[in-house]
Amino acid sequence: MVNFSSIGEPMYSRTQNENGSYNSRCLDCFMTIASCVETEKDLDVREAHHMCPEKALAQLVALDRAAAAHATRN
């Protein structure tokens, strides 16, 4: 599976709570990735481990379409 956090545009919305902790939400599936995390470094780790179901589904659909297109050409 592909880790999409390294591809181009920002994938996460980060907010800082009043107590200084952070939250992070995926901008594709809107899943909360982290809540009340103490450091931005910890957010980086949690975001790096997120496997977004929306991105994974989009990748599978694209692969299926490519395979179908290839099959019709041959």
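The values are calculated or read from the model by the stated rules, or taken from the named source; none is laboratory data. If you're wondering where the values come from, they're calculated on a predicted model, not measured in any experiment. All Cβ positions, even for glycine, are placed from backbone atoms using ideal geometry, and neighbour counts span all protein chains on display.
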Look at the stretch 45-57 and say how many of its residues are touching a helix residue (DSSP H, G or I) at 6+ places or on another chain (Cβ under 9 Å), outside any loop (DSSP other than H, G, I, E, B) and more than 12 Å from ARG25 (Cα to Cα). 3
Of all residues in the stretch 6-44 being part of a helix (DSSP H, G or I) and surrounded by fewer than 17 Cβ atoms within 10 Å (Cβ to Cβ), which is modelled with the lowest pLDDT? SER6
